[in-house]
Amino acid sequence: MTRLRPNPHARAQIRPPRGSPHGPPTVNALRTHDAQRVSFTVAGAADGVPVVVLHGGPGSGSQPDATRLFDLTRFRVVLIDQRGTGRSTPRGGVRRNRTDRLIEDIEAVRAQLGIERWGVLGGSWGAALALAYAGQHPQSVTGVVLRGLFLTSAREVRGLFVTSRKRAPHAWAKLCAAARCSRPAGLLTRCAALLRRGGASDAQQRALALAWRGYENAVLASASARRKLVPAGASHKDSRKLVGKYRIQAHYLMHRCWLGETRLLSLTRRAAAAGVPLAAVHGSRDPVCPPDNLRRLAHAVPTAQVECVRAGHLSSDPALHERVAHALATMFLPSTHEGRTLRRAA
């Protein structure tokens, strides 16, 4: 695999930070023309290198721990809660919630903050969204760093709901029971139908969301003996949040995120042709996004800097965390050298 190299244009594209102290994160909101409230958090140095972080899922909401990937004395980090997730409202809403609207929201947040150009970090579904955004708005992007690339293909979606059952057979059986589904190929469709507003009782939706969370966590745990399973139970409030998360996730996956692999790679090539540098780090033991996605990216964009590390899917994996942090510093901080220390996840 090609090793990551510094972005030679970074100094010209972004005003070098003066390393000013950073204050506590601030939570802001974007009001859209179609009655959405998109929440975003800004952390780090006010004059730092701007980078927007796009979370996965779809439907997961931003994770505060993502800031640990950055030196906050040198970066200005923007964490966006995509429509219906996190602090954004309406929570769990799927109306007017699709990929093109998310891309519009990202651009609107950039404009609201007065940022001319910024870097983009995306993980899993966020990696797909990052590529789609960069392909649509390359003039706004200084570079893209990806972790655990999801290409939004039908092959991957089938893998999540059919093939991966071999990794977690008991959790998968519980999900099928909660969805009242006997056909593996129809599991996603059944989950989507039940999770729609009014598609089932509140109690049934909560039980399904908990079963989906249990299956997802069991699949992730299958990549590492050290990963602990999240307890099956949850408070009423937390289980309602899970319903919203998986309602959005099912909504997106049913439509292949309004992208699909062919279109997504076309947008990726458009971004690269416009001069946007790309770097991707992928775990060789990723049980969610196939490691072969890294090869597909490199084939589509030979100039992309790609790296496969012995790790799973989540950035909390120490090896993956270290290499993603390195990729960010290498691309956006031209003075970074090999021995620079960045904080690791706890």
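The values are calculated or read from the model by the stated rules, or taken from the named source; none is laboratory data. Keep in mind that what you see is a predicted model, and the values were worked out from it rather than measured. Virtual Cβ from ideal backbone geometry, glycine too; neighbours counted across all protein chains shown.
Which of the residues spanning the range 203-237 are among the charged types (D, E, K, R) and at pLDDT 95 or above? Answer for the range 203-237, where residues must be among the charged types (D, E, K, R) and at pLDDT 95 or above: Arg206, Arg213, Glu216. Restricted to helices (runs of 4 or more DSSP H) entirely inside the range 176-295, those with at least 1 residues that are touching a residue at least 12 places away in the same chain (Cβ under 8 Å), in the same structural domain as Gly148 (by TED's automatic domain parsing) and surrounded by 16 or more Cβ atoms within 10 Å (Cβ to Cβ) are 261-273. On inspection, Gly84 passes the criterion of being modelled with pLDDT of 95 or more, within 19 Å of Ser124 (Cβ to Cβ), assigned to a loop (DSSP other than H, G, I, E, B) and out of contact with any strand residue (DSSP E or B) (no Cβ under 6 Å at 6 or more places or on another chain). Please find, within the range 79-118, the residue that is surrounded by the most Cβ atoms within 10 Å (Cβ to Cβ) out of those that are within 20 Å of Ser140 (Cα to Cα) and among the polar types (S, T, N, Q). Selected residue: Gln82. Against the test of being assigned by TED's automatic domain parsing to the domain that holds Cys289, more than 20 Å from Leu131 (Cα to Cα) and touching a residue at least 40 places away in the same chain (Cβ under 8 Å), the options Gly57, Gly86, Gly61, Gly48 yield a single qualifying residue, Gly86. Of the residues Gly48, Gly23, the single one that is surrounded by fewer than 15 Cβ atoms within 10 Å (Cβ to Cβ) and either in contact with an Asp or Glu (Cβ under 6 Å, 6 or more places away or on another chain) or of a type outside the set (Lys, Arg) (or both) is Gly23. Which members of the range 119-141 meet the condition of being in contact (Cβ under 8 Å) with a residue 40 or more places away in the chain, surrounded by fewer than 24 Cβ atoms within 10 Å (Cβ to Cβ) and closer than 21 Å to Pro334 by Cα? Once the filter is applied, which keeps residues that are in contact (Cβ under 8 Å) with a residue 40 or more places away in the chain, surrounded by fewer than 24 Cβ atoms within 10 Å (Cβ to Cβ) and closer than 21 Å to Pro334 by Cα, the range 119-141 yields Pro138, Gln139.
Look through Thr268, Thr262 and report the one residue that is at pLDDT 95 or above, more than 15 Å from the chain's Cα centre (by Cα) and more than 13 Å from Leu146 (Cβ to Cβ).
Working: Thr268 fails: more than 13 Å from Leu146 (Cβ to Cβ).
So the residue among Thr268, Thr262 that is at pLDDT 95 or above, more than 15 Å from the chain's Cα centre (by Cα) and more than 13 Å from Leu146 (Cβ to Cβ) is Thr262.
The listed residues are Ala185, Ala177, Ala193, Ala154, and the only one of them that is at pLDDT below 95 and among the aliphatic types (A, V, I, L, M) turns out to be Ala185. Assessment of the range 100-113 against the conditions (touching a Lys or Arg at 6+ places or on another chain (Cβ under 6 Å) and either of a type in the set (S, T, N, Q) or modelled with pLDDT of 95 or more (or both)) yields no matching residue. Restricted to the range 95-173, the set of helices (runs of 4 or more DSSP H) holding at least 3 residues that are more than 22 Å from Gly275 (Cα to Cα) comprises 99-113, 154-161. Only one of the numbered conditions (1) over 11 Å from Val52 (Cβ atoms); (2) modelled with pLDDT of 95 or more; (3) crowded, with 18+ Cβ neighbours inside 10 Å is violated by His170, and that is (3).
In the set (1) touching a Lys or Arg at 6+ places or on another chain (Cβ under 9 Å); (2) modelled with pLDDT under 90; (3) surrounded by fewer than 20 Cβ atoms within 10 Å (Cβ to Cβ), Leu4 fails one condition alone, (3).
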